[in-house]
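**Student:** The following block contains the structure, expressed as structure tokens.
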Amino acid sequence: MRRDVFQAIADPTRRAIISLLALQAMTPNAVAEHFGSSRQAVSKHIKILTECQIVKQEQLGREIYYHFNPQSMKELDSFLEPFRAQWEERFNQLDNVLENLKNQKS
């Protein structure tokens, strides 16, 4: 079952795991070393990330490496795009207000 990508990023530990794997592929043990939790707890987070297709696994010998899948973030980007346009417009309006205030003081 594919989970919703928003479930994956809702948890701060999973966001931290995504950040780690965005830098380099890692084994679950290597990921667990960065957290104060057990390997089993980290494995549960990785399972959710895998189900959301944010990370992909690759077997190399006896080790499993997890890689960040940047394509999975397109769903997030598509969702955020209308909001991005809105806040950029508001920042531009604020810039205009501040510029007008600055010109009035001169």
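**Student:** So, Val55, is that one farther than 14 Å from Ile9 by Cα and of a type outside the set (Phe, Trp, Tyr) or not? Write out each step before concluding.
**Tutor:** Working: farther than 14 Å from Ile9 by Cα: no; of a type outside the set (Phe, Trp, Tyr): yes.
No: the conditions fail for Val55.
**Student:** I'd like to know if segment 65-72 contains one or more residues that are within 14 Å of the chain's Cα centre (by Cα) and among the hydroxyl-bearing types (Ser, Thr, Tyr). First the steps, then the outcome.
**Tutor:** At the first step, the residues of segment 65-72 found to be within 14 Å of the chain's Cα centre (by Cα) are 67-72.
Subsequent filtering for residues that are among the hydroxyl-bearing types (Ser, Thr, Tyr) retains 72.
Within segment 65-72, one or more residues are within 14 Å of the chain's Cα centre (by Cα) and among the hydroxyl-bearing types (Ser, Thr, Tyr).
**Student:** Where in segment 1-64 are there helices (runs of 4 or more DSSP H), lying wholly inside it, with at least 1 residues that are loosely packed, with under 13 Cβ neighbours inside 10 Å and more than 16 Å from the chain's Cα centre (by Cα)?
**Tutor:** Numbers: elements: 5-10, 12-23, 28-32, 39-51.
In segment 1-64, the matching helices (runs of 4 or more DSSP H) lie at 28-32, 39-51.
No lab work stands behind these numbers, since they all come straight from the coordinates. As the structure is a prediction and not an experimental result, all values here were calculated from the model. Cβ: placed from backbone, ideal geometry, glycine included. Neighbour counts: every protein chain shown.
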